[in-house]
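Asks: Have a look at this one before I ask anything.
What follows is calculated from the coordinates using simple rules that are stated; it is not laboratory data. This is a predicted model, so every value here is computed, not measured. Neighbour counts are summed over all protein chains in view; Cβ atoms, including those assigned to glycine, are modelled from backbone coordinates with ideal geometry.
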Amino acid sequence: MDSTRDVASCPICSGTGGRPAGVVAEWTSTWVTAETNAPLPGYACVVAKRHVVEPYHLVDRERALFWEECLLVAEALSDLFHATKMNYEIHGNTVPHLHMHLYPRYLGDPYEGGSIDNRALFTRTARDIDRIRHALETGASRGL
């Protein structure tokens, strides 16, 4: 399968300057997004900088960096939001560009005991998003 298929029609690649909306951190292999409306307060999305559909379409170092950066984001979010569990999701059937959704889960969250349906239940303030940005910067200085 051609990993560069549909670059021109990709909403990430054809978006604002070839980047996703809501970028709060930019690392070697990825962007991290945290938009105002979210299904959980700590939700973030890690987006591959290069357009590929599947993680196995990335090459050696790029592949390792993608996973390292995803895990660094997950740890930073888990620490910030005191998660009892992190949920990781990669789909790509709606947006065929490699991205991982990260959901810090906690006791009493709106989806407790079930799956996340991605309704935007939370409206985050600029301060909320700055807290995420700062946690990612701190995590990056520890890990990358």
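Asks: For Asp130 paired with Glu75, estimate the spin-label separation in nm (one decimal), with each label point 7 Å from Cα along the Cα-to-Cβ line.
Replies: Label-label distance for Asp130 and Glu75, simple model: 2.7 nm.
Asks: Also, I was wondering about something else. Quick one: helix 126-143 against the long Cα principal axis of the chain, what's the angle to the nearest 10°, folded into 0 to 90?
Replies: 70
Asks: While we're on this one: About its Cα centre, what dipole magnitude does the chain give when the only charges are +1 on Lys and Arg Cβ and -1 on Asp and Glu Cβ, stated in debye to the nearest 20?
Replies: 200
Asks: A follow-up question, please. Please list 42-55, 23-36 highest first by mean number of surrounding beta-carbon atoms within 10 Å per residue.
Replies: 42-55, 23-36
Asks: Further question: From the list (i) 24, 17, 15; (ii) 28, 22, 11; (iii) 21, 18, 17, can you say which value of semi-axes √(5λ) of the Cα gyration tensor in Å was derived from the structure given?
Replies: Checked against the structure: label (i).
Asks: Taking Cβ-Cβ under 4.7 Å as the only way to count a partner, pick out the unpartnered cysteines of the chain.
Replies: Cys45, Cys70
Asks: Which residue, chosen from Ala83, His57, Cys10, occupies the Cα position most advanced towards the positive end of the dipole of the range 1-113, where the dipole is computed from +1 (Lys, Arg) and -1 (Asp, Glu) charges on Cβ about the Cα centre?
Replies: Toward the positive end, the furthest listed residue is Cys10.
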